[in-house]
Amino acid sequence: MSTASEYPARHVPADLPTRIQHYVDGETVDSLDGATFDVLDPVSNTTYVQCAAGGAADVDRAVQAARRAFHEGPWPRMLPRERSRILHRVADIVESRDARLAELESFDSGLPITQALGQARRAAENFRFFADLIVAQADDAFKVPGRQINYVNRKPIGVAGLITPWNTPFMLESWKLAPALTTGNTVVLKPAEFTPLSASLWAGIFEEAGLPQGVFNLVHGLGEDAGDALVKHPDVPLISFTGESRTGQIIFANAAPHLKGLSMELGGKSPAVVFADADLDAAIDATIFGVFSLNGERCTAGSRILVQREIYDTFVERYAAQAARVRVGLPHEKETEVGALVHPEHFQKVMSYIEIGRSEGRLVAGGGRPEAFPTGNFVAPTVFADVPPTARIFQEEIFGPVVAITPFADDAEALALANDTRYGLAAYVWTNDLKRAHNFSQAIDAGMVWLNSNNVRDLRTPFGGVKASGLGHEGGYRSIDFYTHQQAVHVTLGKVHNPTFGRSEQGSDAVAPAGPVTR
Ligand code: NAD
């Protein structure tokens, strides 16, 4: 265990809270039984605050508040424009506090400050985007001339349970909060227990923006306690979850008896495929950023790089040299490119994969803790070459700054390798051959493909994975679809076409006339 004094330049934000509480029905509250858990910062690995540890009773209290706000409060009944105004104000407030948000997020999660700032701005953009989308929302109407009109009556569903991970906490919370709220639902958020600090800012932001009381509720706590209670609560018809595939399976099973609506954004082991004809400089920059940004704690990380044999040796040599130059540093320093991993438990997991990798591939960069950082959760950007597809570091999500490079001969082998994992979240393809680019991209089992591009996402596009990487798609109007019922209303315009049963006195051998087909 390290101590804070080992890094005299370590930054501790001013005015940290003295405790972190739940937020229920417009009030900050402790757990009903007073339980708390320790929250560490990832540079010193010492406890800096106690956070309320919610259990089933706390979740129930929050769900009842959200239910009241849904059934009795104004939020679901407000005009889209009225809700949109409030959510734009949320975006304004988040933007105006981006520096403070980034400071707290970086301190709590170990993310480099410049990247935490980008995530804070993305959180604001999520609110702005869904606030705009809801006022432009059009629903289907189908006419059968002279006979019938059918239209969609879109309705909020009720209390949405939102369960989020620790890798980009505030941004991922915004990704669920914005569409859930904009559509008129009320929510209970259960943020990740490793990183509760930035989540506790939402309450003040929503109050200031004018969100009605009880619409937003927050229960902190461990996944197996607070998260589990939220999933099993009978008055929560929707669960939107982002986290590990294994947790997704547990939630799926626990939600089954209630037949809940589920959206699952899960793990990944995404391939970056580099063909010999690619722009090598761009491909190297992108694949370095793709796995070492956000400390490698990124669901869409391109953590398996597949490289065509003709350029393989050059690629590996250049990649390893550049990875060795990636700057590991204290999270608050502007020059830092890789900060500290979120928690000592996660650090141990990543380090154990590095040990496994030593016998599975050829270590060409990194390989453990950087010399300048004897304590805290620091890991040097680590590159293994010649990794066979049977290797655990090829197959399993490490979620840290560790990458596996594997050679391939031709398109067929590249595709087989790209698809040879249980995951299917993202893929990155680098080639200048137009036909190959499209055919190859379309053949990959991945929810999202970036072609000659880094991970830059337009908020209107679908987001989601296939195979073990997820269930359902959010993004743009798909998020609106997830958080609403689309009730079909069918209206007769002309004469009512009723096959009349029971008119005849003749008895059971009468043949009923066929009903009309209205199409
Ligand atoms: P995790 O699954 O351990 O935890 C995620 C959340 O689920 C936390 O809030 C946790 O408390 C809660 N939880 C844990 N057990 C639960 C249970 N039994 N019932 C209800 N809730 C429970 O994931 P993590 O370690 O926090 O996050 C890293 C994972 O998230 C990685 O696998 C990463 O790929 C994935 N992720 C996916 C996406 C995506 O969009 N696909 C984005 C970011 C992260």
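Within region 217-233, count every residue that is more than 9 Å from the ligand (Cβ to nearest atom) and either open to solvent by less than 10 Å² (accessible area, probe 1.4 Å) or of a type in the set (Lys, Arg) (or both). Qualifying residue count, region 217-233: 4. For region 167-182, a residue qualifies if it is β-branched (Val, Ile, Thr) and within 16 Å of the ligand (Cβ to nearest atom), and exactly one does: 168.
Only residues that are surrounded by 15 or more Cβ atoms within 10 Å (Cβ to Cβ) and more than 25 Å from residue 196 (Cβ to Cβ) were counted across region 152-161, and they come to 5. May I ask you to verify whether residue 9 is in a loop (DSSP other than H, G, I, E, B) and surrounded by fewer than 13 Cβ atoms within 10 Å (Cβ to Cβ)? Judged against the criteria, residue 9 is a match. The criterion of being under 25 Å from the mean Cα position of the chain (by Cα) and closer than 17 Å to residue 305 by Cβ holds for residue 401. Among the residues of region 394-405, is there at least one that is among the acidic types (Asp, Glu), closer than 20 Å to residue 295 by Cα and in a loop (DSSP other than H, G, I, E, B)? Within region 394-405 (the criterion being among the acidic types (Asp, Glu), closer than 20 Å to residue 295 by Cα and in a loop (DSSP other than H, G, I, E, B)), the answer is yes, since at least one residue qualifies.
Conditions (1) among the charged types (D, E, K, R); (2) surrounded by 17 or more Cβ atoms within 10 Å (Cβ to Cβ); (3) within 23 Å of residue 238 (Cβ to Cβ); (4) not assigned by TED's automatic domain parsing to the domain that holds residue 60, marked per residue:
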site: 110; (1), (2), (3), (4): no, yes, no, no
site: 122; (1), (2), (3), (4): yes, yes, no, no
site: 127; (1), (2), (3), (4): no, yes, yes, no
site: 132; (1), (2), (3), (4): yes, no, yes, no
site: 145; (1), (2), (3), (4): no, no, no, no
site: 163; (1), (2), (3), (4): no, yes, yes, no
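Among the residues of region 436-443, none qualifies, meaning not one is surrounded by 15 or more Cβ atoms within 10 Å (Cβ to Cβ), at pLDDT 95 or above and not in a helix (DSSP H, G or I). Restricting attention to region 478-492, the residues that are surrounded by 12 or more Cβ atoms within 10 Å (Cβ to Cβ) and more than 16 Å from the ligand (Cβ to nearest atom) total 7. From the residues in region 81-94 that are in contact (Cβ under 8 Å) with a residue 60 or more places away in the chain and open to solvent by less than 70 Å² (accessible area, probe 1.4 Å), which one is nearest to residue 295 (Cα to Cα)? In this case the residue turns out to be 94.
Of all residues assigned to region 183-200, none qualifies as being in contact (Cβ under 8 Å) with a residue 24 or more places away in the chain, open to solvent by 10 Å² or more (accessible area, probe 1.4 Å), part of a loop (DSSP other than H, G, I, E, B) and more than 10 Å from the ligand (Cβ to nearest atom). Within region 95-106, residues that are closer than 10 Å to residue 117 by Cβ sit with their Cβ atoms under 7 Å from residues that are part of a helix (DSSP H, G or I) and aromatic (Phe, Trp, Tyr), at 6+ positions apart or across chains, in these pairs: 101/170; 105/170.
Scanning region 91-110 turns up at least one residue that is under 20 Å from residue 208 (Cα atoms), among the β-branched types (Val, Ile, Thr) and more than 18 Å from the chain's Cα centre (by Cα). The strands (runs of 3 or more DSSP E) found entirely in region 236-326 include none that carry 3 or more residues being under 23 Å from residue 346 (Cβ atoms), of a type in the set (Phe, Trp, Tyr) and more than 16 Å from the ligand (Cβ to nearest atom). The lone criterion from (1) open to solvent by less than 20 Å² (accessible area, probe 1.4 Å); (2) out of contact with any strand residue (DSSP E or B) (no Cβ under 7 Å at 6 or more places or on another chain) left unmet by residue 396 is number (1). The condition of being more than 19 Å from the chain's Cα centre (by Cα), surrounded by 21 or more Cβ atoms within 10 Å (Cβ to Cβ) and at pLDDT 95 or above does not hold for residue 253. Note on region 447-477: residues that are more than 14 Å from the ligand (Cβ to nearest atom), surrounded by 20 or more Cβ atoms within 10 Å (Cβ to Cβ) and assigned to a loop (DSSP other than H, G, I, E, B) total 0.
If you go through region 152-166 and pick out every residue that is in a loop (DSSP other than H, G, I, E, B) and either within 16 Å of the ligand (Cβ to nearest atom) or of a type in the set (D, E, K, R) (or both), you end up with 3.
Is it fair to say residue 375 is more than 16 Å from the ligand (Cβ to nearest atom) and not hydrophobic (A, V, I, L, M, F, W, C)? Spelling it out, residue 375 is indeed more than 16 Å from the ligand (Cβ to nearest atom) and not hydrophobic (A, V, I, L, M, F, W, C).
The values are calculated or read from the model by the stated rules, or taken from the named source; none is laboratory data. The structure presented is a predicted model; accordingly, all values stated were derived computationally and were not measured. Neighbour counts are summed over all protein chains in view; Cβ atoms, including those assigned to glycine, are modelled from backbone coordinates with ideal geometry. For accessibility, only protein heavy atoms count, side chains too; no ligands or nucleic acids. Shrake-Rupley method; radii C 1.70, N 1.55, O 1.52, S 1.80 Å.
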